[in-house]
Every structure is written in structure tokens, then in C-alpha cells.
Amino acid sequence: MIAEIGHFALILAFMVSIYQMTVPMVGAAKGWYGWMDSARPAALAQLLLMAVSFAALTIAFVTSDFSVQLVYSNSHTSKPLIYKISGVWGNHEGSMLLWVLILALFGAAAALFGGNLPPSLQARVLAVQASVSAAFYAFIIFTSNPFWRMGNPPFDGRDLNPLLQDPGLAFHPPFLYLGYVGLSMAFSFAVAALIEGRVDAAWARWVRPWTLAAWVFLTIGIALGSWWAYYELGWGGFWFWDPVENASFMPWLLAAALLHSAIVVEKREALKSWTILLAIMAFGFSLIGTFIVRSGLITSVHSFANDPERGIFILAILVFFTGGALTLYAFRAAEMTAKGVFAPVSREGALVLNNVLLAVSCFVVFIGTMWPLIAEMVWGRVLSVGPPFFNQAFTPFMIVLALALPLGSIMPWKRAKLGRTLRPLRGALVLTAAVMVLVFAVSTGNSGLAVIGAGLGSWLIFGALSELWLRTGNSGPARLLRLPRADWGKAVAHAGLGVTFIAVALIQAWQVEDVRVAQIDEPFRVGSYDLVLRSVDRVDGPNYFSQMAQIEATRDGRPVAMLNPEKRVYPVQNMPTTEASINYGFWRDLYTVLGDEQPNGGWAVRTYVKPFANWIWAGSILMALGGLISLTDRRYRVAAGAARAPRRDDAVPAE
């Protein structure tokens, strides 16, 4: 009965979304305030119905109701509770239900907190948002019903993919979806603005908080996925340019560009057309990511489904919304004239450079991701585009971006002089040079990569600190506390990017790797550490059994850690997994992976010493924290000039 309630609530939400996408839009066109106002209760009703639907599916998973086919395919009675809950979205159908729940959540948030929007704009925003929801409701109901019953329920389920039975993967998809779907709000604002023919400073201020929230969620989701790949897959890397990794990275780049572009619209009333285009493309790339993950065109450990029919449906959604918005943009772009005029060397010019670098970087990632598929479809050739291409094609744009960010942040609007801009950054330049000399002095190989990466990261960090100090007017620390939170947020986010630059460069330049057959009680040395494989024992888990190693690590005779890498087997799916054991440290990680037992005795063991590994995720946390700090700034919550116009409930339509 619970499943039927969830299914019924899903269908009702679909019907409400159809009402919400039509009636308020007509009301906005006719000037009928009652019709426009109906968008808000409809958005709240959608959220309530979707909450009921999602709760029903969650109850089915927690209670192991194997009469529901989705529960049978993705759960098991012996699975821990946290993975029963995460199993709700650890599959195609459940993840799509989570997707539309988040769509409804953002729509309801716009209804609740958008009271300072002009009535017609709010109605159109909620109507566009509802149209996106309606498309995905139709996709779920007609192709991916999560509440499908089985005629003869089995006694137990087939279990969740063992790779997904991990805390990192339990939280990674929800944060990614909050980011993906959050960009739908920027899309809705862009389309609503195109319909109204109004793009101004107030519009930019309204759209920035939604974009910033989506960017923060994407940052957290990408970081969680990277961290999961690092410790769970056992290959020791944090990023492999996997197609599904790229699918989340591309909208992240465009969302970052959109945030900076909207600043120019808000402050200078320039770059209007470009900002609208970025809002459309950012959500368009979110839909492209959905298509990549669920179409079966590209195989990945992250992918959910391999059903071409579902892929065609998602492709149709992508073409309809992105193509329709771009068509509307083509008709309206000429009307969005820029008012501000600026010189190439100015803050506007720096933000344009920032946008160009981020957009081209996204295009490079897109070409590298899709080129193997294009080559196979057009020429019948099987190609592989791997990390070497991305590293060489993508990195130069990031180097220029890192060099330009501190300069652009302190340039004056309209016109600037490069020499004068550099003066406040002299201290940052000196400190950056000192860091580069220090890194060069301690480097023993690949010093070029380490020195350049550490220099760029330090330049970003010290540049952000210099900008904060400059904004105080040299009046001392007391003034720092009175700076707007958006200034603090920007500095923290830019510094976080600098920390990530340093970490990525140093881990690639200084990493030590050792692969060997380790014998019981025979010591071996990796870097400055001595390791001994003491034993390998069988261990039984709640729904798996494993071979767990005991590896003792010492340095200069002093104990460091007892590492316990595992090789697990999940008998329900008969699937093995590798569980790395990592001794985390501020300056380095000691990382061990257990391989197979060898015929002549001993075990294959892979060991890494990874310097500054945790700085990668610390940088991501700082970037997300910077975004959250900015969101608490009052200027993000109160749009300039957004006072609600007086209404007349008995207003007549304009002729």
C-alpha cells in the first residue's frame, strides 16, 4: 500500500506541475495577478507530494519490501541501514526520483523566498521551473517507474552494487543533484528574463544566490566523488578524467563563469547576452551529464543505466529545453544592449578573461569526453582520450586563470593601469617567490611541476589575503571584521582554489609508488618508511567476507601506523572490491592496497606515499565554505530595486 501511495503522489505532482507551468505563465502574459499568485501554492504542493513519494520509496527500502522490483534489485536484508537508505538513490529510478524531489525543493524555495521579485517575473520563473519538472515526471512515470510491483515477491534481494556501499557514495549523489538541479533555477531566471525582455542589475542580483548555491553543492559533490575514488577504488588517484567525472566538472566550470559574469551585469550593466547564454548552457551541461550517465553511450563505474530508450527520452528533454531556450535567446539577444563601457585593462576586462578561460576549459573537457563517441559514430574508429590529453589541453587555461585572478580582483571598474594594480600585490609576489624557492630547494625530481604549481597556488592565496587587506584601507584588523561577508567569501574561495593547486602539483611531482610481492614478516622500504606484512586473515562483515592484511609501518624505528587493506567479496553479487588502508596526515598520506595471493607465496602489495593529498579536499572545503559565507551576505538576500509593485487583484488585462 505504501508503494501505491508513493506512485499516486508522483502522478499528482506531475499534474500539479502541468498546472504550474501553464496557468501562471498565461497570468503573467495577461496581467492577471490571481493566476500569477497560484504559482506559489502549486510549487509548495509539488514539494509536499514529492516528499510523500520519496518517503514511500525510502520506507520500502528500509523495510526490505521485495515486492517492489527496485528494492529487490538494489537491496538485501543483511545490508547495513545506511546503505539501505542510500540504495534509494543508488540506482537509476530512485536517483531520478531524488532529482525531481530536488527540482520541487528549489521551486518551493523560489516561491517562499522570492517575495521581493516582480510578480510577473516570479510567475514566469516558477512556470519554467515547473516545465522542467513536468518533463522529468513524464520520464519517470513512463520509462522509469520506481514503484513497480512484482507478482511473486522473492524472500531476499540482489543487493546494491558493492562499490556504492560506502559513506562517500551515500552522500555524493545528493550533493551533485543539488548542484545539477540548482542550475535549473539560473536557467528558469534566464528564460523568464528572455520572455519578459528584462535583464538588468536587479535580475543579476536575483540570479546570483541561486547560482552560487548550486556551485557550492557541485563543489561538495565533486569533492566527495574524488575522495571516494581515492580511497575506495584502490588505484591511488583522485581524478582520472572519467566521462562521468567530466559530466559534473563541466557545469561546475560554467557555473563559476556565470557567477563572475553576473557581477558585471549587476555592477556595470554589461555582458547581459553572455550571462544569459551562460545560464542556459550551465543547465544544458547538467542535462548533458544526465544523458551521459544514463544513456549507455559511455561506460563508467559511475554510470546508472544502459538503456538506449531512456537515453533517447533524456536527449529529447535536453534538445527541447536547451534548444528552445537558445532559440528564444536568438530572438531576444539583440534587445539586451549593454550600458557600461570599459577598457580591456579593467575589472570588467579581467572578468571577461575569467569567463573566456572557464568557458574554453569546459569546451576542451567536452571535446575530450565526447570525441571517442563521435569518432566511432562518424568514422567507425575506436579511440581513447585519456588523462594525458586533458592534462596538456586543460592545464594552460588554469595557469592563466590563476595568474589573472588576484590582479582582476583588485582592479578598478571601467579603466585600470596594470602597474598601479601590481603595487598592492608586491608583498604577495615576494611571498610567492619565497615559496617557489623553498619548493625548488627541497625537490629532488620533477621540480618544474612542483615549483610552478606551488607558485600559482601561493599567488592565489597571498593575492586573496592582499585583497582583504587592501579593502580595509590599511586601517588595521578591526576593519577586517566589518568587511562584507561576500568579500570574505570570495577571498576564502580563491584561497581554497590556491590550496588545491598546491596539492595537485605536489602530489603529482613528489608521489612515491611501490609495487611488490610482500612476504610475511619480511620488511621492505617505501620512501622514508619501513613496512612489514605481518599477516593476512579472513574477516566476516555484515554482508561480505574479506582477506584483511596487517601491515606495520615505522619510520626511523618509530611506529607510524598499523594498516589494514582488504580484498572483499560480496557473495550475493559475487563481486570483489578493494579497500585501501590509508594513514592520513597533514603533510602526507601513507596508502596501501592488498592484491592477490601469489602462487609462490606472499601477497601483491601496492604502497604509495602521497604528499599533501588531504590538501586537495581541504581546498575544496575552503571553496565551498567561501561560497557559503558569501550566501550569508545580506546583499545576496535583498535584491536592489526589487520592491514588489502595487497590485490590484481586479486588474484587467492590458490590451
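Nothing in this text is a laboratory measurement; each read-out follows from the coordinates by a stated rule. Note that this is a predicted model, so its numbers are computed, not measured. Quick reminder, even Gly has a Cβ in these numbers, built from the backbone with ideal geometry, and neighbours come from all protein chains shown.
Okay, here's what the table says:
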| quantity | calculated |
| --- | --- |
| Selection from SER95, LEU160, LEU117, by position along the positive dipole direction of segment 1-160 (Cβ) | LEU117 |
| Euclidean distance between Cα centres, segment 175-206 to segment 482-559, Å | 41 |
| Relative contact order for segment 1-160, counting Cα pairs under 8 Å that sit 6 or more residues apart, in percent | 37 |
| Virtual spin-label span in nm between PHE331 and SER447, 7 Å along Cα→Cβ | 6.4 |
| Peptide ranges 491-500, 207-216 listed from the most packed, as the mean C-beta count within 10 angstrom indicates | 207-216, 491-500 |
| Residue-averaged 222 nm ellipticity for the chain, from DSSP H runs of 4+ at -39500 (n - 2.57), nearest 500 | -21000 deg cm²/dmol |
| Full-extension gain in nm, ASP156 to MET398, via 0.36 nm per residue minus C-alpha separation | 82.1 nm |
| Sequence of LEU418, LEU438, LEU318, LEU358 once ranked by neighbouring C-beta atoms within 10 Å, starting from the fewest | LEU418, LEU438, LEU318, LEU358 |
| Relative exposure of VAL512, VAL181, judged by other C-beta atoms within 10 Å (fewest first) | VAL512, VAL181 |
| Length-normalised contact order for segment 512-613 - Cα pairs under 8 Å, 6+ apart - percent | 25 |
| Label-point gap, in nm, between ILE5 and VAL378 - each point 7 angstrom along Cα→Cβ | 5.4 |
| Cα centroid separation - segment 35-76 against segment 403-433, whole Å | 52 |
| Options SER17, VAL62, VAL52, ranked by Cα towards positive dipole end of segment 1-160, top entry (Cβ charges) | SER17 |
| Two-decimal Rg/Rh across segment 1-160, once Rg and the Kirkwood Rh are taken from alpha-carbon atoms | 1.08 |
| Within segment 123-234: Cβ-based charge dipole about Cα centre, in debye rounded to nearest 20 (Lys, Arg +1; Asp, Glu -1) | 420 |
| Value in Å of the Kirkwood radius, where segment 512-613 supplies the Cα pairs that are averaged | 14.0 |
| Protection-proxy order for peptides 149-155, 605-611, 252-258, 482-488, each taking the mean of Cβ atoms within 10 Å per residue, highest first | 252-258, 605-611, 482-488, 149-155 |
| Ordering of 19-26, 93-100 by packing [mean C-beta count within 10 Å, highest first] | 93-100, 19-26 |
| Cβ charges +1 (Lys, Arg) and -1 (Asp, Glu), total dipole of segment 1-160, debye | 280 |
| Distance from segment 225-251 to segment 348-393 (C-alpha centre basis), Å | 17 |
| Test item: Cα-centred dipole of the chain, Lys/Arg +1 and Asp/Glu -1 on Cβ, debye | 2840 |
| Distance in nm between pseudo-label sites at ASP530 and THR22 (7 Å out along the Cβ direction from Cα) | 7.9 |
| Across LYS267/LYS417; LYS79/LYS610; LYS272/LYS414; LYS30/LYS272, pairs whose alpha-carbon gap is larger than 23 Å | LYS79/LYS610; LYS30/LYS272 |
| Farthest positive-ward along segment 578-638 dipole, Cα basis, beta-carbon charges - from THR632, VAL609, VAL593 | THR632 |
